[in-house]
Amino acid sequence: MNVAAILTINAGSSSLKFAAYAVGDAPQELARGQVERLGPAASLTVHAKGASAEREEIGQADHAQALRAILDHLGPLLHGRRVAGVGHRVVHGGPDFAAPLRLDAAAITELSQFEPLAPLHQPYNLAGVRAARAAFPDALQLACFDTAFHRDHAWEHDTFALPRRYYDMGIRRYGFHGLSYEFIAGELAGRFPDLEKGRAIVAHLGNGASMCALRGGRSLSSTMGFTALDGLAMGTRCGQIDPGVLLYLMQNEGMSTDDLTRLLYRESGLKGLSGFSHDMRRLLQSDMPEAAQAVRYYVTRIRHEIGALTADLGGLDALVFTAGVGENSDVIRAMACDGMGWLGLSLDRQANADGATEIGAGPVRVLVIPTDEERVIARAVADALN
Ligand code: ADP
């Protein structure tokens with residue numbers, strides 16, 4: 001028996017998600033879970049494979065304490081296996097990292113320079129790295145980047161129309177959610193081989209949301225840009241905005257960088273438009289007209305990007321929905337595809353309502369595929385350990 005285990009850590013601003021795998025030919029999942037509501041009243045959920053999830057209130061927890069709470073519960077689930085590698089989701093890898101990176105003190109310092117580019121994620125991702133290095137000083141620590149999957153975009157999909165020196169400074173369209181897109185590209189190759197070489201759009205619709213045009217399993221273009229603010233409206237992020245709005249707010253409303261950061265990252269999107277929630281489930285259940293308008297805006301952006309990404313691809317063979325909203329909301333999927341017959345895109349209403357994997361009724365295949373970013377990280381760690 002192989003006696004090694006892999007841990008994956010996805011540390012966000014208010015949660016720390018984890019998964020544990022036994023090292024084998026392919027990583028075998030042992031358990032997954034998360035600490036939610038980091039701060040004075042955190043709770044831990046642990047879901048061992050084949051068992052039901054267990055939840056516990058753990059009180060005060062920062063990232064290090066959350067990891068400690070996870071490890072306290074994980075011991076029995078590892079069945080004596082030693083943690084040989086820890087894989088970290090790190091949102092921003094900047095212009096140079098197109099592959100996973102072994103983490104030492106110098107690498108952590110290098111990655112911390114991208115904190116201003118992903119303030120909702122990068123500082124917390126690196127806090128998770130520091131906590132894991134302290135807990136497992138002998139284990140391999142590996143960063144897996146959300147930007148890496150998009151690093152071979154053609155120049156015209158990688159740049160803004162600014163003077164060229166800004167591109168050289170690293171002001172580029174990085175694209176994010178790359179771990180999710182890598183997983184979906186792998187699923188298409190493995191489960192839908194006729195689509196592997198085709199033209200697909202993947203809609204990753206979670207709290208953060210973006211869409212990616214895949215050609216032959218590689219990222220051609222993405223709705224996200226320099227930061228994870230661009231493109232679709234999200235739970236609390238604005239998505240696409242005319243930069244003139246920011247100039248106006250600075251000049252005429254006296255807003256500072258901090259004010260704008262808070263506005264664009266935490267107070268906008270579904271939360272800002274509805275006035276009460278970032279949570280799609282709550283908006284869909286609400287009778288308030290503002291909730292319906294927020295949903296309408298959200299869907300309008302998705303439809304807009306379906307058109308734009310199809311143009312990038314020169315046609316469309318498949319549309320894939322994934323992440324919290326994409327996997328679970330037949331209503332949003334139906335709104336996104338409504339009246340898109342001109343593109344060959346229409347839904348089988350029953351299959352959509354039933355949550356089937358194949359929900360298309362036209363020439364363009366429409367798929368619902370649950371994403372698994374943890375598994376992509378675990379595979380990368382397994383490869384590095386080998
Ligand atoms: P994260 O980006 O934090 O990983 P998730 O992928 O878990 O987010 O997605 C969270 C979003 O999914 C929330 O807005 C939540 O309301 C939404 N969601 C989950 N289930 C449903 C559902 N059945 N219907 C509509 N939205 C849902």
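Where a number appears in this text, it was derived from the coordinates with a stated rule and is not lab data. If you're wondering where the values come from, they're calculated on a predicted model, not measured in any experiment. Counting neighbours? That spans all protein chains shown, and the Cβs are built from the backbone with ideal geometry, glycine included.
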Q: At q = 0.09, 0.15, 0.18, 0.19 Å⁻¹, work out log10 I(q)/I(0) for the range 101-230 with the Debye formula, treating every Cα as an identical point scatterer and leaving solvent out; two decimals please.
A: -0.31, -0.81, -1.05, -1.12
Q) Could you give the radius of gyration (one decimal) and Dmax (whole number) of the Cα atoms in the range 139-194, in Å? A) 15.0, 44
Q) Where q = 0.26, 0.27, 0.28, 0.29 Å⁻¹, what log10 of I(q)/I(0) comes from the Debye formula for the range 252-309, counting one point per Cα? A) -0.95, -0.97, -1.00, -1.03
Q: Any aspartates and glutamates with Cα under 13 Å of the LYS197 Cα? List them, leaving off those in the same chain fewer than 8 positions away.
A: GLU187, ASP317
Q: Averaged over every viewing direction, what's the projected area of the C-alpha convex hull for the range 194-245? Give it in nm², one decimal, please.
A: 4.0
Q) When every alpha-carbon pair in the range 265-345 is counted, what percent end up more than 14 Å apart? A) 65
Q.
What are the extents of the Cα atoms of the chain along their three principal axes, in Å, largest first?
A. 57, 52, 45
**Q.** Square roots of five times the Cα gyration tensor eigenvalues for the range 45-122, Å
**A.** 30, 17, 12
Q. Ordered by packing density, taken as the mean number of other Cβ atoms within 10 Å over each peptide's residues, highest first, how do 313-324, 238-249, 271-282 rank?
A. 313-324, 271-282, 238-249
**Q.** Unit charges on C-beta of K, R, D, E only; dipole of the chain, Debye
**A.** 220
Q: Mind jotting down the distance between the C-alpha centroids of the range 316-372 and the range 1-72, whole Å?
A: 31
(Q) Taking the alpha-carbon distance from LYS49 and a cut-off under 20 Å, which lysines remain once sequence neighbours fewer than 8 residues away in the same chain are dropped? (A) LYS17
Q.
Could you derive backbone 3J(HN,Hα) for the range 137-143 from the dihedral phi with the Karplus parameters 6.51, -1.76 and 1.60 (θ = phi - 60°), listing whole Hz in sequence and x where the residue is Gly or Pro?
A. x, 9, 7, 5, 10, 10, 8
